[in-house]
């Protein structure tokens, strides 16, 4: 599967069908810090992403405001 | 995972609430949280016009979206910070949103008001960019609201923003900052408008999810000056705590608001007066904004002086 990441923008390829929670653990990303997007939908941690699919892990953090 | 409300397939899990929701029920949950914030803190009424400060990011556009759907009379305010392509893109997002919803958007440029854009202010002051930026934003929001006769400014600060600010204040025991940390700050002077944060009950991930599900086109890339900001480091620490113990950020902020904040409130706030130069409210003779503008002017003059290059 393809995993799109930001800050900086990059693409990671992982093999096999995986649950979202396993993908996040492997990439060392806290679930609280991203939206997991597949197409036009959000995906919960228990769902499986198939080997031929693409997901985006969109960071939710904004800040620096005083 | 099933939606807590309808039992259908869930699209978002909220561990701190030990719940999951489908898209429609999450949007309703989100709106309910905003309604509760407005009601609990009497932020504004349906008879008042609200100035919504928008940055083009997920939080402020989500806020504006909810307030419009709730039928509030709102005007947007975009402050152009002059931060290269980031400001060009974020302004375009705000203008597109306002145009799509058919609502008024005011635009002011920091460079016109201070004398230089945020990147130059950063160089002149030799302080973190968020410092001059935040000062300018607070000043211009208040001034714009006053100029247009709007009694209240609403900003998109979320639960994570508020918890990170509280964490920073506590880490340095800035006790003078603690009473000011509130979802709603009343007007304490005729030239100070009310300031409210209707998203304070919602986490950053929840506002991002709302913006995504509502198909709001927001700027995803972060401000280039945010990298390395102290508030970001504090958010990362709090997110690790949240991962280990869901609800940690909520408990930290809400515990403070309910139990600790009253202990830091003083009978009398700082003595307020009007700035001798611009007439805006300050605690000293000349306000911090005018001092900043002076500093920028002096730096520009010395850069233009013969032999300066």
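Since every read-out is calculated from the coordinates, none of them should be taken as a lab result. Because the structure is a prediction, the values reported are computed rather than measured. Note that we place each Cβ from the backbone using ideal geometry, even for glycine, and neighbour counts take in every protein chain shown.
Summed over qualifying helices (DSSP H, 4 residues or more, each -39500 (n - 2.57)) and divided by its residue number, chain B shows a 222 nm mean residue ellipticity of -15000 deg cm²/dmol. Per-residue ellipticity at 222 nm, computed for chain A from helices alone with -39500 (n - 2.57) per DSSP H run of at least four residues, works out to -2500 deg cm²/dmol.
Considering only B:246, B:270, B:129, give the residue with the highest GNM mean-square fluctuation for chain B, with springs between Cα atoms whenever their separation is below 10 Å. Fluctuation is largest for B:270. Counted by neighbouring Cβ atoms within 10 Å, the residues B:93, B:197, A:21 run from fewest to most as A:21, B:93, B:197.
State whether segment B:233-283 is rounded, prolate or oblate according to the following rule on the C-alpha gyration tensor (a ≥ b ≥ c being the square roots of its eigenvalues): a/c under 1.5 gives rounded; otherwise a/b larger than b/c gives prolate, and the remaining case gives oblate. Oblate. Over all directions, the projected convex hull of the C-alpha atoms in chain A averages 4.8 nm² in area. The C-alpha atoms of chain B define a longest principal axis, and helix B:23-40 lies at about 60 degrees to it. Rounded to the nearest 10 degrees, the inclination of helix B:84-101 to the longest alpha-carbon principal axis of chain B is 50 degrees.
Given a Förster radius of 45 Å and the C-beta distance between residue B:171 and residue B:24 as r, what FRET efficiency does 1/(1 + (r/R0)^6) yield to the nearest 0.05? Display every interim value, and only then the final one.
Details: r = 40 Å, r/R0 = 0.89.
According to the calculation, E is roughly 0.65.
Relative to one another, the C-alpha centroids of segment B:278-303 and segment B:192-226 are positioned 31 Å apart.
Restricted to Cα atoms, the protein assembly as shown shows a radius of gyration and a Dmax of 21.5, 74 angstrom. Entry note, chain A: relative contact order of 42 percent, from Cα contacts under 8 Å with a spacing of 6+ residues.
Once Rh is set to the Kirkwood radius over Cα pairs, what Stokes-Einstein translational diffusion coefficient, in µm²/s, holds for segment B:130-188 at a temperature of 4 °C and a viscosity of 1.567 mPa s?
Working: Rh = 13.1 Å.
Reported coefficient: 99 µm²/s.
One Cα centroid belongs to segment A:23-66, the other to segment B:124-150; the line between them spans 34 Å.
Return the Rg/Rh ratio of segment B:1-104 with Cα-based radii and a Kirkwood Rh. Please report the intermediate quantities before stating the final value.
Numbers: Rg = 16.3 Å, Rh = 15.5 Å.
The Rg/Rh ratio comes out at 1.05.
In whole percent, what relative contact order does chain B give with Cα contacts below 8 Å and a gap of six or more residues? Spell out each step's value before the answer.
Values: 461 pairs, mean separation 60.0, N = 309.
Relative contact order here is 19 percent.
Distance distribution P(r), chain B, all Cα-Cα pairs, bin width 20 angstrom from 0: 30, 60, 10, 0 percent. Principal-axis analysis of the Cα atoms of chain B puts helix B:230-244 at an angle of about 10° to the longest axis.
Figure legend: label point modelled 7 angstrom from the Cα of residue A:7 along Cα→Cβ; residues of segment B:185-227 with amide N under 17 Å from it are B:203-212, B:218-227. Let me make sure I get this right: for segment B:153-309, a, b and c are the square roots of the gyration tensor eigenvalues over alpha carbons, sorted descending. Under 1.5 in a/c it's rounded, otherwise prolate if a/b > b/c, else oblate. Which is it? Here segment B:153-309 falls in the oblate category. Between residue B:236 and residue A:26, the distance separating the two model label sites (each 7 Å from Cα on the Cα→Cβ line) works out to 2.4 nm.
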